[in-house]
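Right, one structure below, let's go through it.
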Amino acid sequence: MPPSAAPGVGMRAKGTDALEPLWAQAALLNSHGIAIIDPASATLRAVNSAYAQLVGRTPGQLEGRPSNAAYPASEHVHLLVAEHSADLNGAASLKTRQSHRDGSLIPVEITLVSVRDGNGPVSYRIQTVTDLRARLGPGDALPGGEAEQGAAGHFRQLADSAPVGILLMDADGGVSYANPCWLALAGLTAEQACGDGWWEAICPDDRERVGDAWENLRSGAPLDLEFRYRRAGGELRSVQSRAAALRDGGGKLVGFICVDVDVTEQLQRRAALDGFHGRIRALAQRLEQLREDERAGLARRLHGALRQDLTTLVGEIESLCARAASGAVPEPAFAGLAELARGCLEELRRVTFELQPPGVEELGLTDALRRFADESAAQSGLAIEVTDAGDLPDLGPRRSLALFRTFQEALANVVRHARASRVEAHLWVQDGAVHLRVSDNGVGIGDRDRSKAGCFGLLSAAERLTQLGGALRVFGVPGRGTTLDASVPLGSGRERRASLAR
């Protein structure tokens, strides 16, 4: 049939823009019936002339009607299962019968394709209908009763092997059939599921929502809902459930069909991913807070005691300049001035060393650790000893600095929390990696202590080592101290082989 103005109007979706011109033209000229279905309302958005001719109506008469209106009630269950299968897998097909306006039934083959917007929900379905009358001989068509029986057997075979849960219910909502997948999902036997058994399997916290959705379904609204079943042992399984009303030829409600898809693992993965993102956000916020605290601490040190000492130094110099003019400058004044200047320089050197320790590259890792240990011991009163196994390979600046920062953080935690008197640190090479062990004789870190804000520096050190392929482990025994083990792999294959050969 050549394209005309009337069919062209039929291929426009109500309430939407026209379909793509080339696609619409191809659909108009296609000898197969083609329909565009709105999944939300289960209505026909657009049909072509071939589809309209199969049911004996015009495209305008069909648009907006239920998508299953062109099929006998006995086929509605099969159509719903096929639609759900298409939504899960992208496409589905089945052989069924279509109702002509004159009451005759036409054997057809249907192909359903579900189209999504990106990774979102199904935006529409494309239904292609092929008339099978030309392929069937006079003896091939099934009489009405045999056709009904064959359709029922086909549904049972399809439902028993379906990878989704399927329930058939009477008009009162009592289950008359539950397929094996649904029984396994809910943890019930076929006898337990019959009648109101399916309702008892719903998690009590979700029953009110499910009940409201089923009342809306009775009123003609589609049901598409996520809820949970609770098995006998208490295990919860989440499902995405879709249900539709089944009506006879006169439109009377005769029952319902419900299709449930187990989405428990998907929700668990989503929750784990959301939790991971939450931890990342918390880590980023905490890192920014640490940066601000570090800046504030540095500002206090530079603008606190150091600024005061420099101000005093300037005042003393001005005073000496004024007194030098009269020749009354005592010798001890110069000595005090020199001592104050040396103190300012020492404080500047300590701050600079903590921010960017030059000893790691200039002295090597072991000597840099000893130098920092000596300064920490002088300030804190701790007895700190650093030893190594000798002949440590060159780790390079990044790995050396990572171990140095870990040592810094370990000593800072000992000073702040451990109430220890002695710290021992040891460096050695084993299994292709350089290891640093720091032990103290303090109170010992506990499991709760690891999550405190003060221990966030250890988490940062662990992340820094992990980025280099290393690891950080912390062991604490209450009353017997804490041991920290850090490691980074050697850089090259030659370094690894050399370390393993020793």
Any residue in the stretch 443-457 that is open to solvent by less than 60 Å² (accessible area, probe 1.4 Å), closer than 30 Å to residue 280 by Cβ and touching an Asp or Glu at 6+ places or on another chain (Cβ under 9 Å)?
-> yes
Answer from 243, 232 - the residue that is open to solvent by 40 Å² or more (accessible area, probe 1.4 Å) and at negative phi | 232
Which one is most open to solvent (accessible area, probe 1.4 Å), of the residues in the stretch 326-379 that are of a type in the set (Val, Ile, Thr) and either in a helix (DSSP H, G or I) or modelled with pLDDT of 75 or more (or both)?
-> 352
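Report yes if some residue within the stretch 387-394 is at negative phi and either modelled with pLDDT of 90 or more or in a helix (DSSP H, G or I) (or both); otherwise report no.
Scanning the stretch 387-394, I find at least one residue that is at negative phi and either modelled with pLDDT of 90 or more or in a helix (DSSP H, G or I) (or both), so the answer is yes.
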Open to solvent by 30 Å² or more (accessible area, probe 1.4 Å) and either assigned to a loop (DSSP other than H, G, I, E, B) or modelled with pLDDT of 85 or more (or both), is that true of residue 125?
-> no
Give the residue, chosen from 113, 108, that is in a strand (DSSP E or B), of a type in the set (Val, Ile, Thr), at pLDDT 85 or above and open to solvent by 20 Å² or more (accessible area, probe 1.4 Å).
-> 113
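For (1) farther than 21 Å from residue 135 by Cα; (2) in contact with a Ser or Thr (Cβ under 6 Å, 6 or more places away or on another chain); (3) in contact (Cβ under 8 Å) with a residue 40 or more places away in the chain, each residue gets a yes or a no:
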site	(1), (2), (3)
48	yes, no, yes
59	yes, no, yes
63	yes, no, yes
73	yes, no, yes
87	yes, yes, yes
96	no, no, yes
106	no, no, yes
111	no, yes, no
Considering the stretch 189-207, residues that are open to solvent by 60 Å² or more (accessible area, probe 1.4 Å) and acidic (Asp, Glu), and then whichever is farthest from residue 228 (Cα to Cα), we arrive at 191
Count of the stretch 166-178 residues which are open to solvent by less than 20 Å² (accessible area, probe 1.4 Å) and either touching a residue at least 24 places away in the same chain (Cβ under 8 Å) or closer than 19 Å to residue 264 by Cα (or both) = 4
Are there any pairs, at least 6 apart or on different chains, whose C-beta atoms fall under 8 Å, with the first in the stretch 394-405 and under 16 Å from residue 485 (Cα atoms) and open to solvent by 10 Å² or more (accessible area, probe 1.4 Å) and the second of a type in the set (Lys, Arg) and in a helix (DSSP H, G or I), and if so, which?
-> 405/464
Within the stretch 135-181, how many residues turn out to be at pLDDT 80 or above, more than 19 Å from residue 93 (Cβ to Cβ) and part of a loop (DSSP other than H, G, I, E, B)?
-> 5
Given (1) within 30 Å of residue 443 (Cβ to Cβ); (2) in a strand (DSSP E or B), index of the condition residue 401 fails | (2)
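Quick check, is residue 407 touching a strand residue (DSSP E or B) at 6+ places or on another chain (Cβ under 7 Å), aromatic (Phe, Trp, Tyr) and not in a strand (DSSP E or B)? Break it down into steps so the answer makes sense when it comes.
Working: touching a strand residue (DSSP E or B) at 6+ places or on another chain (Cβ under 7 Å): yes; aromatic (Phe, Trp, Tyr): yes; not in a strand (DSSP E or B): yes.
Yes: the conditions hold for residue 407.
The values are calculated or read from the model by the stated rules, or taken from the named source; none is laboratory data. For clarity, every value in this text was computed on a predicted model and none was experimentally measured. No Cβ is skipped: glycine too gets one built from the backbone with ideal geometry, and neighbour counts run over all protein chains shown. Ligands, DNA and RNA are stripped out before the accessible areas are found, and what is left, the full protein with its side chains, is counted by its heavy atoms. Shrake-Rupley method; radii C 1.70, N 1.55, O 1.52, S 1.80 Å.
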